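Every read-out reported here was derived from the displayed coordinates using simple, explicitly stated rules and does not represent laboratory data. These figures come from a predicted structure and were not determined experimentally. Don't worry about glycine lacking a Cβ; one is built from the backbone with ideal geometry, like all the others, and counts go over all protein chains shown.
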Amino acid sequence: MAIVPDYVKGHNLLEGKKVLVTAAAGTGIGFATAKKCAEEGATVFISDIHDGRLAKAADTIFETTGQCVGTHLCNVTIEAEVQSLIAAAIDNMGHVDVLINNAGLGGSATVVDMTDDQWNVVMDVTLNGTFRMTRAMLKHMYERGAGAIVNNASVLGWRAQKEQAHYAAAKAGVMALTRCSAVEASEHNVRINAVAPSIAMHAFLSKVTSEELLAKLTENEAFGRAAEVWEIANVMVFLASDYSSYMTGEILPVSSQRA
């Protein structure tokens, strides 16, 4: 039977940092990361496209950490909403030290049956949304001469999986965007890195993925289980923190098997 480790308590790795997290509502990696950032001493501002879930996420973080987090609705496919989000975060916190780009969208379809709409919506949220947020935030970070951006990629940016061409292509794009933008940003003392999880279990994933596929993916993991979302969040916190000060343009696999 797979053993799930105990939850890792905060150690103030982000003490004094101001952190903005996209797609932070619900039960996935974004929420786990926002909560973990608060536990690590950061001031946190969260966004999502779902009003009700966003408010619930903020309430839950307050109940568990005692921190009141700022919130703002944002659809990362719309440039005006991206600009509004960043302005709201700066107004609320004074500035942004760390951006966590978590917004992404998946789906399943074979290439031969995939429609333009299926391809485009995954690309627009997952890749273009990360680009829009990065572009807008870099202007703020360049002015301050400091900052860190952490993107959420996927091991599918390297691996092949049936019915995932659009998602894999988008995540591979996030990896390339991370590397290229990091080289540019280094001149302004801004770091950009990404995590590449294999499989992290949460309620939404179980709703949109068959039990058969989940079982198959889990069997491939060395620990015989999917990651807990907070295990992904731990690595994102590391990349956001000063402990990773010499890392930029890196894609860090969060997987219990060879990436």
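Taking the Cα centre of the range 18-254 as origin, sum charge times position over the Cβ atoms of Lys and Arg (+1) and Asp and Glu (-1), and report the length of that vector in debye to the nearest 20.
Numbers: 17 positive and 26 negative charges, 54 e Å.
That gives the range 18-254 a dipole magnitude of about 260 debye.
What's the longest uninterrupted piece of the chain once you rule out the chymotrypsin sites (Phe, Trp or Tyr not before Pro) that are loop residues per DSSP with at most 14 other Cβ within 10 Å? Please report the intermediate quantities before stating the final value.
Values: sites that count: 7, 223, 246.
Free of exposed loop sites, the longest segment is 8-222.
Where does each of 139, 56, 17, 36 land when they are ranked from fewest to most other beta-carbon atoms within 10 angstrom?
Details: 139 9, 56 14, 17 21, 36 28.
Least crowded to most crowded, the residues run 139, 56, 17, 36.
Residue 252's amide H: which non-local residues (gap 5+, or another chain) put their own amide H closer than 5 Å, with H modeled 1.01 Å from N in plane and none for Pro or chain starts?
Under 5 Å from the amide H of residue 252 lie the amide H atoms of 194, 195, 196, each far enough along the sequence or on another chain.
Counting only other residues whose beta carbon sits under 9 Å from that of residue 2, what net charge do I get with K and R as +1, D and E as -1? Show your work: numbers first, answer last.
On the way: positive: 225; negative: 221.
After counting each charged neighbour, the total is 0.
Spelling out what I want: for every residue of the range 150-159, take phi, set θ = phi - 60°, compute 6.51 cos²θ - 1.76 cosθ + 1.60 (Karplus), and round to whole Hz; glycine and proline get x.
Ordered by residue, 3J(HN,Hα) equals 10, 9, 9, 9, 6, 5, 5, x, 10, 8 Hz.
Tell me, what HN-Hα J-couplings in whole Hz come from the Karplus equation 6.51 cos²θ - 1.76 cosθ + 1.60 at θ = phi - 60° for each residue of the range 42-59, using x for Gly and Pro?
7, 8, 10, 10, 10, 9, 6, 8, 9, 4, x, 5, 5, 5, 5, 4, 4, 4
Do any GluC sites (Glu not before Pro) in the range 15-119 lie in a DSSP loop with no more than 14 other beta carbon atoms within 10 Å, and if so, which?
Working: sites: 15, 39, 40, 63, 79, 81; in loops: 15, 40.
Qualifying residues, ordered by number: 15.
Can you sort 149, 78, 251 from fewest to most other Cβ atoms within 10 Å of each residue's own Cβ? Walk me through the numbers on the way to the answer.
Details: 149 28, 78 14, 251 21.
So the residues, fewest neighbours to most, are 78, 251, 149.
How large is ³J(HN,Hα), in whole Hz, for each residue of the range 192-200 in order, when computed from phi with the Karplus curve 6.51 cos²θ - 1.76 cosθ + 1.60 and θ = phi - 60°, using x for Gly and Pro?
My calculation for the range 192-200 gives 9, 9, 8, 9, 10, x, 8, 9, 10 Hz in order.
Efficiency by 1/(1 + (r/R0)^6): what FRET value for residue 117 and residue 179, r their Cβ-Cβ distance, R0 = 41 Å, to the nearest 0.05?
Efficiency, from the Cβ-Cβ distance: 0.90.
Select from 82, 41, 101 the residue farthest towards the positive end of the dipole of the range 1-114; place +1 on Cβ of Lys and Arg, -1 on Cβ of Asp and Glu, and compute about the Cα centre.
After comparing all options, I get 41.
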